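Quick note: the coordinates plus some simple rules give every number you see, no bench work behind them. Being a predicted model, the structure only gives us computed values, none of them experimental. All Cβ positions, glycine included, derive from the backbone under ideal geometry; neighbour counts span all protein chains shown.
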Amino acid sequence: MSSYRLLAENAYITMTYDIQGNLQHDSQVTVSVIFENKSGSFLKSMELNVLDSLNTKMLRPEGSSIHDGIPVPFQLPPGVSNEAQFVFTLQSIIMAQKLKGTLSFIAKDDEGSTHEKLDFKLHFSCASYLITTPCYSDAFAKLLESGDLHGSSIKVDGITAPFHHVLAKICFYHHFSVVERVEACASMYSRSIQGHHVCLLVKKGENSVSVDGKCDESTLLSNLLSELKETLSKC
């Protein structure tokens, strides 16, 4: 399993990305992008630009305008890949969003240089705002008893994967930790960068999985569960 997903590719370059939150920054996430040169050309003067939304903005060097791209801090000889990180600030994390962006670069070979560009859409899922956080069963029980959490449920049919495989995918792709597991039932926990508690009760039926979720932000929970449904439907 890899947490990196395809961002965009063309004949010159493949870009994959991963988004990580940080509990020290409740309004920031870091987007790590791997640039892989799959051509015979030398790629240089790479610049990444993402169009800001009202909610989410790319952190640019001081003095830059919102139209300025950020230089990628390396060049790529043929067949080489490297990784760069870009920080985004955001206000609300309760909904997923997509931002349009462009990578511009110069491709140089024996015949000369050409200016190239590659458009992409950067997808910030709600799961990308969650941080894998351990939670003890007594603290988990207190959260559920507090009465502060909203509830919602999903059920996905046609699942043949073993239960431990299902739990591993939820942990890996959605940043949850297992609080407790008893046979075909598990309680799971995660926390958002803005401190929202997310509690799940996951049960395996004969060919199905049901998830009861609780969270102190109902819209966030609803969106997280629909993302979870998409992952489970591939199990």
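Tabulated data
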| quantity | calculated |
| --- | --- |
| For the stretch 131-180, diffusion coefficient by Stokes-Einstein and Kirkwood Rh (Cα), 10 °C, 1.306 mPa s, µm²/s | 123 µm²/s |
| The stretch 1-77 pair-distance distribution - Cα-Cα, 10 Å bins, rounded % | 15, 42, 34, 8, 0 |
| The chain: angle of helix 163-174 to the longest principal axis, Cα-based, in degrees nearest 10 | 50 degrees |
| Volume of the Cα convex hull of the stretch 100-235, divided per residue and given in Å³ | 147 Å³ |
| For the stretch 24-135: Kirkwood Rh in Å [reciprocal of mean 1/r, alpha carbons] | 15.6 Å |
| Förster radius 25 Å - calculated FRET efficiency between T133 and L51, Cβ distance, rounded to 0.05 | 0.20 |
| Semi-axis lengths, Å, the stretch 164-235, gyration tensor of Cα atoms, sqrt of 5 times eigenvalues | 19, 13, 11 |
| Contact order normalised by residue count of the stretch 12-95, Cα under 8 Å, 6+ apart, percent | 37 percent |
| Value of Rg/Rh across the stretch 85-158 [Cα atoms, Kirkwood radius] | 1.24 |
| FRET efficiency, D119 to K203 (Cβ-Cβ, R0 45 Å, nearest 0.05) | 0.60 |
| Within the stretch 174-234: Cβ-based charge dipole about Cα centre, in debye rounded to nearest 20 (Lys, Arg +1; Asp, Glu -1) | 100 debye |
| Calculated FRET efficiency for the pair R181/F42, C-beta based, R₀ 35 Å, to 0.05 | 0.10 |
| Low-density loop cleavage sites - chymotrypsin sites (Phe, Trp or Tyr not before Pro) in the stretch 132-181, where at most 13 other Cβ are within 10 Å (DSSP) | Y136 |
| Relative contact order %, the chain, counting alpha carbon pairs below 8 Å whose residues are six or more apart | 18 percent |
| Helix 218-232 vs. the chain, principal-axis angle (Cα, 0 to 90°, nearest 10) | 80 degrees |
| Sequence-separation-based contact order of the stretch 142-212, relative, with Cα cut under 8 Å and 6+ spacing, percent | 33 percent |
| Convex hull volume per residue for the chain, taking Cα atoms only, in Å³ | 131 Å³ |
